[in-house]
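First up is the structure itself, then whatever we jot down about it.
The values are calculated or read from the model by the stated rules, or taken from the named source; none is laboratory data. Note that the structure is predicted; figures quoted are calculated from it, not measured. With ideal geometry, Cβ positions are generated from the backbone for all residues, glycine too; neighbour counts draw on all protein chains shown.
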Amino acid sequence: MNTESWYLLLQVGLVATAGLSLAAGVISLVLGTFIGIFRVSPMAPLRVLANGYVEFFRNIPLLICLAFIFYGLPKAGITFPIFEAGVIGLSVYTAAFVAEVVRAGLQSISHGQIEAARALGLSYVQMLWLVLLPQVFRMVIPPLGSIFIALVKNTSVASAIVVPELMYQAEVIAGRYFYPSVFLIAGVLYLVITLPLALLVNVVERRLLIGRGR
Amino acid sequence: MQINPSRPKSRFTEDRQALIGALILIAALPFIFGMIPIGGLLTVLPAAWRSALGLTDGLSRPHAAALQSAIANWQPFVEFATWRFLTLGLAMTVGVSLVSILLSLPLATLAALARLSTRAYIRWPIITGIEIVRAFPVLILIFYVFTQFSRVAETTGMGLLKTNNVTISVIVALTLYTTVVNAETIRAGILSLDKGQTEAARSLGLTYSQALRLVILPQTFRRVLPPLIAQFVTLVKDTSLGAIIGLLEIYRRGQILYQYFRNPLETLWVIAIIYFIVNYLLGQAAQRIERRFTGSRRGAL
């Protein structure tokens, strides 16, 4: 058994997993926020489509999403490189969960805030950007944290479309050396990403609560 | 701005909107990705109509080709054999999910009770175990259990494990993961009960296990039924991961279909719809149960 090449494979996998998580995290945060806003928009068609988006992606497996993008879309003449396909699939899927949280946050803000903002002469977009979203994001940091931790774990599914992330590398090592315990090592490496993330969420949450004077 | 949660009626319309929106998206996908070529459909129009619309024959030839390939791609789904093939996969998906959640319930209850135990030597190993398994991706668990079982089956030559290795591995891995998640749900359910319940039961002379069995757990299960059904939806979705090690559930069968007919878009679309219907109905059931229990029983609990 060659420990050197193992180490290298897992290292590459860890970096790819971190990259996937980060890219999909940022994209799904932006996309999910927009969809969350659309879900409470005054325009009925937007609301219906945004609600439908969330309902659809909450009810289908991530694997189907990834397979549709990686194996299906080339048939429609749309081809993505492997890594990008993984990022898009994960983002589109995770955005539904982000949207759900953002919508709940928006709906929990008292109506007086909206009336006050409009009475001050802020436009709709200004009201969202300056008054509502800052409050919403403070509120939803704990649930967003668990969504991102789930996202990190979900990146393992991207191994099914041969993204060379941690899970894929573990499969390669397990196959090459017939050493199943490598999956435990890979599992612990996922912890290496999710544990600091959980701690970070805790710290940020506490910091923001203090800022609010609670 | 629709940010006003105080009207109870808006909740219902939001549900309906979600369903209608999802159906619109589902219906739009074949047109967006050319599974149903609009240009091709125009070629079916009578020649007189086409010339009236200003469509020339030269333009319609590639459209006709697109229509032909679309018909070939959809062809498998008008045949009974395809649906039988997929239904067997759906049965496997639902079966594996059901077995896993049923196995997980007693285990999760035990784990939740152990986690709430006053004895540290029971509590801490369980807490550690739960936290570790919960942090692992499900796919890792599936692969780990699968490779270990393969090894055991090779060395001991256990017949059952050898022939049903994949199915057993997926069930074991999903049961393990679901147990851990449900244990947390059930623990939260037990903690949400008023402490007076336990005290009253004990002061009536019930033993600890009687109090649990007759007073605490029945109330807990009524409370945690909706999150348990939500977990079942997750489980149905996670069963698709079994396809990666070759479990013949619905996604794997879909994969076999589209590799044979070379129509991944159409097949995956159909499978996504099947998943959507199953999980949507489960979600509705969870909501209905939740509404019934929280509606009339809140005072009683």
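A search for C-beta distances below 9 Å between a residue of the stretch B:75-90 that is under 17 Å from B:Leu247 (Cα atoms) and any residue that is among the acidic types (Asp, Glu) and surrounded by 13 or more Cβ atoms within 10 Å (Cβ to Cβ), counting only pairs 6+ apart in sequence or on different chains, returns B:Gly89/B:Glu249; B:Leu90/B:Glu249. Evaluating B:Tyr144 against the criteria (1) of a type outside the set (Asp, Glu); (2) within 21 Å of A:Val157 (Cβ to Cβ); (3) in contact (Cβ under 8 Å) with a residue 40 or more places away in the chain leaves one unmet condition, (3). Against the numbered list (1) within 11 Å of chain A (Cβ to nearest Cβ); (2) in contact (Cβ under 8 Å) with a residue 60 or more places away in the chain, B:Asn182 comes up short only at (1).
The residues listed here are B:Ile36, B:Ile26; of these, the one that is more than 9 Å from chain A (Cβ to nearest Cβ), at pLDDT 80 or above and either in a loop (DSSP other than H, G, I, E, B) or under 28 Å from the mean Cα position of the chain (by Cα) (or both) is B:Ile36. Residue pairs whose Cβ atoms lie under 9 Å apart, sitting 6 or more positions apart in sequence or on different chains, and linking a residue in the stretch B:250-263 that is more than 9 Å from every other protein chain (Cβ to nearest Cβ) to a partner that is not in a helix (DSSP H, G or I), are B:Arg252/B:Gly246; B:Ile256/B:Leu248; B:Leu257/B:Asn263.
All of A:Leu66, A:Leu46, A:Leu90 fail the test of being in contact with a helix residue (DSSP H, G or I) (Cβ under 9 Å, 6 or more places away or on another chain) and surrounded by fewer than 23 Cβ atoms within 10 Å (Cβ to Cβ), apart from A:Leu46. For B:Leu268, the conditions (1) hydrophobic (A, V, I, L, M, F, W, C); (2) in contact with a Leu (Cβ under 6 Å, 6 or more places away or on another chain); (3) within 14 Å of chain A (Cβ to nearest Cβ) are fulfilled apart from (2).
If you go through the stretch A:93-128 and keep only what is of a type in the set (Val, Ile, Thr) and surrounded by fewer than 21 Cβ atoms within 10 Å (Cβ to Cβ), you end up with A:Ile109, A:Ile114, A:Val125.
Identify all residues within the stretch A:14-67 that are within 12 Å of another protein chain (Cβ to nearest Cβ) and among the small types (Gly, Ala, Ser); write none if there are none.
Matches in the stretch A:14-67: A:Ser21, A:Gly36, A:Ser41, A:Ala44, A:Ala50, A:Gly52, A:Ala67.
Report, by residue number, each residue of the stretch A:161-207 that is within 22 Å of A:Phe83 (Cβ to Cβ), of a type in the set (Asp, Glu) and more than 8 Å from chain B (Cβ to nearest Cβ). The answer is A:Glu165, and nothing else.
In this structure, does A:Ala158 turn out to be touching a helix residue (DSSP H, G or I) at 6+ places or on another chain (Cβ under 8 Å), within 12 Å of another protein chain (Cβ to nearest Cβ), outside any loop (DSSP other than H, G, I, E, B) and farther than 21 Å from A:Phe56 by Cα? No; evaluated as a whole, the condition is false for this residue.
A:Val40 - would you say it is of a type in the set (Val, Ile, Thr) and over 23 Å from B:Val236 (Cα atoms)? So A:Val40 passes the test. Is it the case, given these coordinates, that A:Gly77 is more than 28 Å from B:Leu19 (Cα to Cα), at the interface with chain B (Cβ under 9 Å from one of its Cβ atoms) and among the small types (Gly, Ala, Ser)? Considered against the rule, which asks whether it is more than 28 Å from B:Leu19 (Cα to Cα), at the interface with chain B (Cβ under 9 Å from one of its Cβ atoms) and among the small types (Gly, Ala, Ser), A:Gly77 comes out as yes.
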